Amino acid sequence: MDLHELTPAYALDALAADEAEAYEEHLAQCERCRAELAELRETAAALAFGAVAPPPPPRLRAGILAAAAAERPNVVPFPRRPWTLRLTAAAAAVAACAAVGLGVWGATRGGHAEALRAVVVVGADRHATLTVSGLGRAPHGKTYEAWVIPRGQAARPAGLFAGGGTVVVHLRGLVPSGAVVAATVERAGGVRTPTTSPVLSTET
């Protein structure tokens with residue numbers, strides 16, 4: 001195993017525990033890999049939070065999806081590219097998503113200085129994280145609740161978060177391909193089914 005080739009996967013936290021440990025030992029002694037890792041992480045962050053995309057197609061589904069259509073987000077499906085070891089560092093962050101089976105999707109809303117941004121990262125095992133920025137804290141006695149909505153199925157609760165600043169939510173359960181990830185404002189402690197219109201939604 002050539003440890004130099006693991007840099008893109010390590011940048012996306014996609015290595016197994018033993019691989020990550022071996023790579024970190026190598027990283028402490030390899031200036032080239034440290035420089036490449038820093039560039040990949042900077043590029044991945046720019047791709048996640050800096051893109052502006054066209055409106056998504058009108059495929060939001062019944063219930064929570066119909067409500068979301070009133071203020072439709074911009075959905076950013078980042079392109080998947082074939083894995084090539086000779087890719088430039090700037091392109092490697094995107095290509096690594098395809099190489100290790102990750103998908104990254106983003107949504108933006110609003111034209112204000114601090115627009116709402118949401119990024120969903122789905123791993124090869126279909127576990128996912130939702131990163132949200134530009135969303136104010138939930139009102140007193142309320143919470144934000146994340147939902148995973150598989151195609152043709154009801155929304156299921158996937159986690160609670162308070163909002164404010166940048167928040168990373170580790171979504172409960174698996175996120176099937178084509179599922180919608182959304183968030184609503186609910187009473188403290190959460191609910192089993194959404195009761196309000198979503199403040200964000202994006203299709204994976």
### Task
Enumerate the strands (runs of 3 or more DSSP E) found wholly within the stretch 151-204, keeping only those where 3 or more residues are among the β-branched types (Val, Ile, Thr).
166-170, 180-187
### Task
For the stretch 134-147, indicate whether the set of residues that are at pLDDT below 95, surrounded by 22 or more Cβ atoms within 10 Å (Cβ to Cβ) and not polar (S, T, N, Q) is non-empty.
yes
### Query
Tally time: how many residues in the stretch 155-172 are in contact (Cβ under 8 Å) with a residue 40 or more places away in the chain and more than 14 Å from THR131 (Cβ to Cβ)?
1
### Query
Are there any pairs with C-beta distances below 8 angstrom linking a residue in the stretch 175-204 that is on the phi > 0 side of the Ramachandran plot to a residue that is of a type in the set (D, E, K, R) and at pLDDT 95 or above, with the two at least 6 apart or on different chains, and if so which?
GLY190/GLU145
#### Entry: Of all residues in the stretch 1-43 being among the hydrophobic types (A, V, I, L, M, F, W, C), assigned to a loop (DSSP other than H, G, I, E, B) and at pLDDT below 75, the one that is farthest from VAL121 (Cα to Cα)
MET1
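The values are calculated or read from the model by the stated rules, or taken from the named source; none is laboratory data. Remember, predicted model here, so these are calculated numbers, not experimental data. Neighbour counts run over all protein chains shown; Cβ positions are idealised from the backbone, glycine included.
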